[in-house]
Amino acid sequence: MSDEQKRIEKSKPENVSRRQVLKGIAITAGVVAAGAVVGVNPIGAAHASGACPGTTPKAALQYQPHPKGKDQCSVCANFIAPSCCKVVAGPVAPDGYCMAFAPKAA
């Protein structure tokens, strides 16, 4: 068997039992539940550290620092007060606007 064949053979996933899958799901659910109980909020933590979670450049979404009629960041579902967005990279103005605008649910 050549080195390449050995490498491929080692990289093949082994058979995983249903018990292993269910155990992994249970552990993952427990970690998520523990995070919820402790109050871990990755978006809030990112905002507190000064890093907003959005990754799309402002120019790509035609961001503007002023509203478009009644549509503005402060009433958008993607806005994270005081100056972050789930979509747009970097800080945004509460009265700004971009193409990712989605009104908050009433």
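Return the only residue of ALA100, ALA93, ALA106 being assigned to a loop (DSSP other than H, G, I, E, B), surrounded by fewer than 18 Cβ atoms within 10 Å (Cβ to Cβ), of a type in the set (Gly, Ala, Ser) and in contact with a Cys (Cβ under 9 Å, 6 or more places away or on another chain). Walk me through how you get there before you give the answer.
Details: ALA100 fails: surrounded by fewer than 18 Cβ atoms within 10 Å (Cβ to Cβ); ALA106 fails: in contact with a Cys (Cβ under 9 Å, 6 or more places away or on another chain).
On inspection, the qualifying residue turns out to be ALA93.
Has segment 32-43 got at least one residue that is touching a strand residue (DSSP E or B) at 6+ places or on another chain (Cβ under 8 Å) and either surrounded by 11 or more Cβ atoms within 10 Å (Cβ to Cβ) or modelled with pLDDT under 80 (or both)? Give the derivation first.
Initially, segment 32-43 is screened for residues touching a strand residue (DSSP E or B) at 6+ places or on another chain (Cβ under 8 Å), giving 43.
Adding the requirement that they be either surrounded by 11 or more Cβ atoms within 10 Å (Cβ to Cβ) or modelled with pLDDT under 80 (or both) leaves 43.
Taking every residue of segment 32-43 in turn, at least one turns out to be touching a strand residue (DSSP E or B) at 6+ places or on another chain (Cβ under 8 Å) and either surrounded by 11 or more Cβ atoms within 10 Å (Cβ to Cβ) or modelled with pLDDT under 80 (or both).
The values are calculated or read from the model by the stated rules, or taken from the named source; none is laboratory data. Keep in mind that what you see is a predicted model, and the values were worked out from it rather than measured. Backbone-built Cβ (ideal geometry, glycine too); neighbour counts: all protein chains shown.
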